[in-house]
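Undergrad: Got a structure here, written out as structure tokens. Questions coming.
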Amino acid sequence: MGKTCLKDIIKVAKELKADYLKNIEKEENKELYISTDSREDFNNDKIFLAIKGEKFNGNDFALDCYNKGCKYFILSENIKMPEDAKVFYYDDTIIFFIKLAREYRRRFDIPIIAITGSCGKTTTKELTALFLSTKYKVLKTEGNLNNEIGVPKTIFNLDKTFQIAIIEAGMNHKNELLRISEAIESDLILINNIEEVHLSNLGSIKNIALAKSELFNNAKKNAIAIINKNSNQVETLIKEAKNKNLNIIEIDIKDIIKIDNQTFEYKGIIFKHNLIGDFNLNNILSALKIAEIYNTDLKECSKILINYKSPKNRMQIININECMIINDCYNSNPSALKNMINYLSKRKENKKIAVIGDMLEIEPKSEFYHREIGDLISSLNNINVVIACGNYSKYIYQTVNCEKYYFKKAEDSISKIKEFIKEDTAILIKASLGMNFNIIIENIKN
């Protein structure tokens, strides 16, 4: 992680009208690593930034960090600290962190690409990084660091060797991407799609589009907005992009000519891939468009795409005893689950099993969407067995007209799932992250 300097910290403190002792200003040239983890080793070249969440409070560990050797702090609570501790007090240390990342980002004259959307953010980010890596040294978001804490951490990983950066930005409530946008100061923003995700916090699909479009804020002059014409709420996204004076590029799945399930043609070039489901063509198209904008050779992209494998717990194929298990338990929402159910339905295996857990954060329409999934499964008429787990998935269980089983918890379903791991069978395992379906995957694999 790169170092900030006290000069930038003081600048942000003044901007936010944070409290600090003015004698710190004489040390303004001192460089410091930022740590948000009190478990780390500390010395005189780190500043501890205390983050307060629903289940933890970093302020409680400030004295522990001091006793380890830390002398510089950004705290949100007025904790009495030893006299030689240099402390900045501000009630929202996350926005302090975001603004520090903004100052650090401004040291680097490289393009930064911001990617968001309701589905496929991580796949699109990974594909974009793959394609751009044929020409540039790329910094990308790692793991799930796509929130208000993770985005600044990613930006602080920039150094002079990187030529381009790709930041994945997620949200589940209004104003989150507005705050994140300040750290990124994007050169290009991709909104991959808008679906009915996080309804419990945002209320309507239009509000979801408006929340996603907050990423258009704080963009660089002449920045580009890429909008998928096949998404919901295209008009809303275009209007918001125009309001921010962005250069708009629309992409359309019709630009791709599908040859078979693993092959397509784009701009006269044949591409082969190992991703499952036609819906992933949108993710590939988005990544290819970004690669084009940054003058990447599409023929080189076509050579490397065949080697791409899905990230952990996202549409991963596991083969056990000639049974194909589709591990897609990282997250779930109505659109993504429909896509995977349709994909399962089209599989060639003789028997098809859907293991489904709750889709979370879609209140107050949870019952509606879970029953809708049940109706879809019934209409397809070739999903042989449904195993439903969770409070809301009982509505799927109640609605489907095939062989079915219901369990309250994921772990209770494992023995039943194992009964169906047989030759010539395809099993889809999908749920929202909070349903802990990874316990099913680990048990099956072991």
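FYI, it's all coordinate maths here, none of it is from the lab. As the structure is a prediction and not an experimental result, all values here were calculated from the model. So basically every Cβ, Gly included, is an ideal-geometry build from the backbone, and we count neighbours across all protein chains shown.
Undergrad: State, to one decimal in nm, how far the label point of residue 292 lies from the label point of residue 235, with both points 7 Å from Cα in the Cβ direction.
TA: 2.6 nm
Undergrad: For the chain, modelled as a Gaussian network with Cα springs under 10 Å, which listed residue fluctuates most, 40, 168, 77?
TA: Between 40, 168, 77, it is 40 that shows the largest mean-square fluctuation.
Undergrad: Next question. Report the residues of the range 385-412 in range of a label on residue 200: point 7 Å along Cα→C-beta, backbone N strictly under 18 Å from it.
TA: Once the point is set 7 Å along Cα→Cβ of residue 200, 389-396, 408-410 turn out to lie under 18 Å by backbone N, inside the range 385-412.
Undergrad: Putting +1 on Lys and Arg Cβ atoms and -1 on Asp and Glu Cβ atoms, find which of 377, 415, 387 reaches farthest to the positive end of the dipole of the range 314-437.
TA: 377
Undergrad: Could you check the simple spin-label distance between residue 56 and residue 424, using points 7 Å along Cα→Cβ, in nm with one decimal?
TA: That separation, rounded to one decimal, is 5.1 nm.
Undergrad: Multiply the residue gap between residue 446 and residue 262 by 0.36 nm, knock off their C-alpha separation, and tell me the result in nm, one decimal place.
TA: Working: separation 184, 0.36 × 184 = 66.24 nm, distance 2.98 nm.
Taking 0.36 nm per residue and subtracting the Cα distance, the gain is 63.3 nm.
Undergrad: I would also like to ask the following. What does the net charge come to around residue 390 if you take all other residues with beta carbon closer than 11 Å to its beta carbon, with K and R at +1 and D and E at -1?
TA: Cβ neighbours under 11 Å give a net charge of +1.
Undergrad: Another question about this same structure. How much net charge surrounds residue 27 when only the other residues with a Cβ under 11 Å from the Cβ of residue 27 are counted, with Lys and Arg +1 and Asp and Glu -1?
TA: Net local charge, residue 27 excluded: +2.
Undergrad: Right, something else. Sort 17, 212, 137 so the one with the fewest other Cβ atoms within 10 Å of its own Cβ comes first.
TA: Numbers: 17 7, 212 29, 137 13.
Ranked by crowding around the Cβ, least crowded first: 17, 137, 212.
Undergrad: Still on this structure: Between the alpha-carbon centers of the range 270-298 and the range 199-229, tell me the distance in whole angstrom.
TA: Centre-to-centre (Cα) distance: 22 Å.
Undergrad: For the range 192-259, what class follows from the C-alpha gyration tensor (a ≥ b ≥ c being the square roots of its eigenvalues): rounded when a/c is under 1.5, otherwise prolate if a/b is larger than b/c, else oblate?
TA: Working: a/c = 2.46, a/b = 1.08, b/c = 2.29.
Taking the square roots of the gyration eigenvalues as a ≥ b ≥ c, the range 192-259 is oblate.
Undergrad: Same structure again: Return the percentage of antiparallel bridges among DSSP beta bridges fully within the chain, rounded to the nearest 5 %. Display every interim value, and only then the final one.
TA: Values: 17 of 69 bridges.
Here the antiparallel bridges make up roughly 25 percent for the chain.
Undergrad: Find which of 243, 333, 85 sits farthest along the positive direction of the dipole of the chain, computed with +1 on the beta-carbon of Lys and Arg, -1 on that of Asp and Glu, about the Cα centre.
TA: Farthest along the dipole direction, towards plus: 243.
Undergrad: I need the shape label for the range 1-103. Rule: rounded when a/c is under 1.5, else prolate if a/b > b/c, else oblate, with a, b, c from the alpha carbon gyration tensor.
TA: On the way: a/c = 1.30, a/b = 1.16, b/c = 1.13.
Here the range 1-103 falls in the rounded category.
Undergrad: Right, here's the next one. What does the charge add up to near residue 137, with Lys and Arg as +1, Asp and Glu as -1, over the other residues with Cβ less than 14 Å from its Cβ?
TA: Details: positive: 135, 140, 160; negative: 159.
Net charge around residue 137: +2.
Undergrad: Take the alpha carbon atoms of the range 88-107, find their center, do the same for the range 249-266, and report the distance between the two centers in whole angstrom.
TA: Comparing the Cα centres of the range 88-107 and the range 249-266, I get a distance of 41 Å.
Undergrad: Hey, another quick one. Please list, in order along the range 434-440, the HN-Hα scalar couplings obtained from phi with the Karplus expression 6.51 cos²θ - 1.76 cosθ + 1.60 (θ = phi - 60°), rounded to whole Hz, x for Gly and Pro.
TA: Computed from phi, the couplings for the range 434-440 are x, 7, 6, 6, 4, 5, 5 Hz.
Undergrad: Let me ask another. By the 4.7 Å beta carbon criterion, which cysteine residues of the chain come out unpaired?
TA: Lacking a cysteine Cβ partner under 4.7 Å: 5, 119, 301, 323, 329, 389, 402.
Undergrad: Could you give the angle, 0 to 90 degrees to the nearest 10, between helix 6-16's Cα long axis and the longest principal axis of the Cα atoms of the chain?
TA: In the chain, helix 6-16 runs at an angle near 80 degrees to the longest axis.
Undergrad: How much FRET efficiency would the formula 1/(1 + (r/R0)^6) give for residue 15 and residue 278, where r is the Cβ-Cβ distance and R0 is 41 Å, rounded to 0.05? Provide the component values of the computation, followed by the final result.
TA: On the way: r = 48 Å, r/R0 = 1.16.
The value I calculate is 0.30.
Undergrad: Tell me which residues come under 5 Å, amide H to amide H, from residue 72 once H is placed; ignore anything under 5 positions away on its chain.
TA: Under 5 Å from the amide H of residue 72: 48, 86.
Undergrad: Could you compute the FRET efficiency for residue 312 and residue 23, with r as their C-beta to C-beta distance and R0 at 35 Å, rounded to 0.05? Mind showing how you got there, number by number?
TA: Numbers: r = 49 Å, r/R0 = 1.39.
Computed FRET efficiency for residue 312 and residue 23: 0.10.
Undergrad: Over 21 Å between Cα atoms: which of 137/160; 140/160; 17/220; 267/348; 272/309; 153/242 fall into that group?
TA: Details: 137/160 10 Å; 140/160 15 Å; 17/220 26 Å; 267/348 31 Å; 272/309 12 Å; 153/242 30 Å.
Checking Cα-Cα distances, 17/220; 267/348; 153/242 exceed 21 Å.
Undergrad: Given bins 10 angstrom wide, list per bin the percent of all Cα-Cα distances in the range 316-445, short to long.
TA: So the P(r) values, bin by bin, are 14, 52, 32, 3, 0.
Undergrad: OK, next. To test your reading of the geometry: what angle, between 0 and 90 degrees and rounded to tens, separates the Cα axis of helix 234-243 from the longest principal axis of the chain?
TA: Approximately 20 degrees, to the nearest ten.
Undergrad: Please identify, among 340, 81, 435, the residue showing maximal mean-square fluctuation in a Gaussian network model of the chain using a 10 angstrom Cα cutoff.
TA: Most flexible of the set in this elastic network: 81.
Undergrad: Something else now. What is the chain by shape, rounded, prolate or oblate, if you read a ≥ b ≥ c off the alpha carbon gyration tensor as root eigenvalues and call it rounded for a/c under 1.5, prolate for a/b larger than b/c, and oblate otherwise? Walk me through the numbers on the way to the answer.
TA: Numbers: a/c = 2.07, a/b = 1.52, b/c = 1.36.
The shape class here is prolate.
Undergrad: In percent, how large is the relative contact order of the chain, given Cα pairs closer than 8 Å and 6 or more residues apart? It would help to have the intermediate numbers written out before the result.
TA: Values: 930 pairs, mean separation 48.6, N = 446.
Value for the chain: 11 percent.
Undergrad: Convert each backbone phi in the range 202-209 into a coupling constant with the Karplus relation 6.51 cos²θ - 1.76 cosθ + 1.60 (shift: θ = phi - 60°), then list the ³J(HN,Hα) values in order as whole Hz, x for Gly and Pro.
TA: My calculation for the range 202-209 gives 10, x, 8, 5, 5, 5, 5, 4 Hz in order.
Undergrad: So for the pair residue 33, residue 320, with labels modelled 7 Å out along Cα→Cβ, what separation do we get in nm?
TA: Modelled inter-label distance: 4.0 nm.
Undergrad: Here's a follow-up. Under a GNM of the chain (C-alpha, springs under 10 Å), which listed residue has the highest mean-square fluctuation: 112, 155, 293?
TA: Ranking 112, 155, 293 by mean-square fluctuation puts 293 first.
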